[in-house]
Each structure stands twice: as structure tokens, then as C-alpha cells.
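J.: Mind looking over this structure? Questions follow.
The values are calculated or read from the model by the stated rules, or taken from the named source; none is laboratory data. Because the structure is predicted, anything quoted here is derived from the model rather than measured. Because the Cβ atoms are built from the backbone with ideal geometry, glycine has one as well, and the counts that use them run over all protein chains shown. These area figures cover heavy atoms from the full protein model, side chains too; ligands, DNA and RNA do not enter into them. Shrake-Rupley method; radii C 1.70, N 1.55, O 1.52, S 1.80 Å.
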Amino acid sequence: MSDKKNAACENCDLYNHAALKKLGVDATKSDYVVALAGNPNTGKSTVFNALTGLRQHTGNWPGKTVVRAEGAFSYNDKKFKLVDLPGTYSLLSTSEDEEIARNFILFGKPNVTVVVADSARLERNLNLILQILEITPNTILCLNLIDEAERHGIKVDERSLARELGIPVVPTSARYGKGLPLLLKTIDDMATGNINTKPHKISSIPPKIETAVAELSKEIEEQYPQLPNSRWIALRLLEGDRSIIDAVKQGTLGDLEIKK
Ligand SMILES: Nc1nc2c(ncn2[C@@H]2O[C@H](COP(=O)(O)OP(=O)(O)OP(=O)(O)O)[C@@H](O)[C@H]2O)c(=O)[nH]1
Ligand SMILES: [Mg+2]
């Protein structure tokens, strides 16, 4: 093979996919942590199984994953712990599985959060995507079920979406392994700091509230220096989020932090 041919091969999907090693449940001593979040029934566990080689329960009804599952893969000689979260429509925990998902995104400090969305029902997925962008800039949108969307004549303009959201958008068809090589590469690039995002933020907050948020987040930071996202917690407290208020009252906010 000529050098030119080799160089082309190194950029092709197949080559990059070959850099993947599925490591099953052995998630010890990982270099990076990656969370899989998203609405119920969008294919999170299907992506998880494809990358780890494990067999998390999948099926065509919502609410299959009820606790978080952990697995691992290595890619380009780096070890990634992958965490499959229960499906959730929002981060304002109203049920136990939503709380599990929210707590991990908030306190598990994942290096990368992949939001797996249903391309055929993108609009209803956007609420959660925007909420996650409020918490972490290290987010990738995985536009899954692209085959289903095509079947329904829906074409998503992923470039415009990436520009509007300010994060990478990767179309996939996880059940058929399509798009996963690019997803892997994007996860790797983001974890190693080679991608800068500019996440879309929900419209600005009135100055009075902004002052209150700033004061409150300063106090939270002093009380709980280990906690990331003190601003997000301050916003939830001002909004009256019951589970966060209770955690502060009972002095268990720090306990929400998840050990890696
Ligand atoms: N056609 C098609 N089906 C898919 C694709 N990805 C996943 N599925 C199917 O969609 C269904 C749901 O997949 P899961 O991986 O269980 O979804 P989940 O997001 O983990 O669901 P919860 O755990 O309930 O939140 C399963 O029947 C999968 O086989 C895809 O790209 N195309
Ligand atoms: Mg699942």
C-alpha cells in the first residue's frame, strides 16, 4: 500500500473504530468519565452496549434503565468509564430515576456528557439538552435513530444545530453501529481538551435575580468547596427545588457528590 493510501485509511471510519477496545465491566483506573444522558427510549443503553460490549437491558418502551450502569472501553490507548443513566425529561428531579441521572450529571463530574436524542422527536428532547448545557459545557449531542427519522421523511440539519447549540452534534444509528466511530472520536477529542464549545444559554436573567444568584452561589461555594455548579444549585434554590432545599436543610448537599 502506498503512503497516500495509508494516510487516507487512518482518517476513515473503519480505522478509527478499530482503535476501540470494549472492556466490559472493568471501569477501574479510568482516565476519563463519560455520561450517557437523554430522554427515555432514545438508545442510550444501545450506545452503551455497543461501546462496552455489555448487555444492558434495551427495549422499545421507556424507563428500562432504572439505576446507573457502568462499563468501560479504551480508545486510542486511553481508558474511558462509560455511565449509562436512566432516561429523564428534565433535571428537576421528580422521580428517583430522574434524581439518579441528575445527581450524576451534577455531582459525578463527568469529563464528557453525551446527550442521546431521538432525531425524529428532536423538539421534545431540546428541553433536557438546554438544561444540561446550563450545567456543563462539555456536552456532545448524539442525534440517534437517524434511520427512523429518515423513514419518516425528517432531515435534521445537524450543522445548523451544532452552530445554534454551540456543541458538537453527531448523527448516529446506534442499533446498526452507524456514526459510532465519529462519536468515539468526538468523545476522545472533548475529553482531551481538543474541542472548545460555546454552549447556548437560556436568555439572560434580570439583574436583581442575578445579584441574588451570585450572593447565594458564593455562600454555597464556601460551605461546599468540592461541589461544582454552585450557580446551578443557587438557581434551583431560588426556584424552590424541593430535593435541593431538603438537602441543604438536612446538611446533606455534600453527600450528593458522587465518588468516582
Ligand atoms: N431504528 C433504530 N432503533 C434504535 C436505535 N438505537 C436504539 N434503538 C432501539 O430503540 C429502543 C430503545 O433503546 P434503548 O437503548 O433501550 O433506549 P434507552 O435510551 O436506554 O431507554 P431508557 O433506558 O428507557 O431510557 C430499542 O428497541 C433499541 O433497539 C437506532 O439507531 N435505530
Ligand atoms: Mg437504557
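J.: May I ask you to list the residues in segment 26-80 that are open to solvent by 30 Å² or more (accessible area, probe 1.4 Å), in contact with a helix residue (DSSP H, G or I) (Cβ under 8 Å, 6 or more places away or on another chain) and either within 20 Å of ARG121 (Cβ to Cβ) or more than 16 Å from ligand 2 (Cβ to nearest atom) (or both)?
T.: Listed by number, the residues that qualify are ASP31, TYR32, THR46, THR58, GLY63, LYS64, ASN76, LYS78.
J.: Another question, if that's okay. Test ILE167 against the stated conditions and say whether it is open to solvent by less than 20 Å² (accessible area, probe 1.4 Å), over 23 Å from ILE245 (Cα atoms), modelled with pLDDT of 95 or more and in a helix (DSSP H, G or I).
T.: no
Let's see how each residue does on (1) in a loop (DSSP other than H, G, I, E, B); (2) in the same structural domain as ARG175 (by the TED database); (3) in contact (Cβ under 8 Å) with a residue 40 or more places away in the chain; (4) within 14 Å of ligand 1 (Cβ to nearest atom):
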{"position": "THR46", "(1), (2), (3), (4)": "no, yes, yes, yes"}
{"position": "LEU51", "(1), (2), (3), (4)": "no, yes, yes, yes"}
{"position": "HIS57", "(1), (2), (3), (4)": "yes, yes, no, yes"}
{"position": "VAL67", "(1), (2), (3), (4)": "yes, yes, no, yes"}
{"position": "ASN103", "(1), (2), (3), (4)": "no, yes, yes, no"}
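J.: Would you say ASN138 is out of contact with any Phe, Trp or Tyr (no Cβ under 9 Å at 6 or more places or on another chain) and open to solvent by less than 10 Å² (accessible area, probe 1.4 Å)?
T.: No; evaluated as a whole, the condition is false for this residue.
J.: To continue, here is another question. Could you tell me whether ASP147 is within 12 Å of ligand 1 (Cβ to nearest atom) and either modelled with pLDDT of 90 or more or within 26 Å of LYS198 (Cβ to Cβ) (or both)?
T.: When the stated conditions are applied, ASP147 passes them.
J.: Only one of these is part of a loop (DSSP other than H, G, I, E, B), under 22 Å from the mean Cα position of the chain (by Cα) and either within 23 Å of PRO110 (Cβ to Cβ) or within 16 Å of ligand 2 (Cβ to nearest atom) (or both): LEU182, LEU227, LEU141. Name it.
T.: Of the residues listed, the single one that is part of a loop (DSSP other than H, G, I, E, B), under 22 Å from the mean Cα position of the chain (by Cα) and either within 23 Å of PRO110 (Cβ to Cβ) or within 16 Å of ligand 2 (Cβ to nearest atom) (or both) is LEU227.
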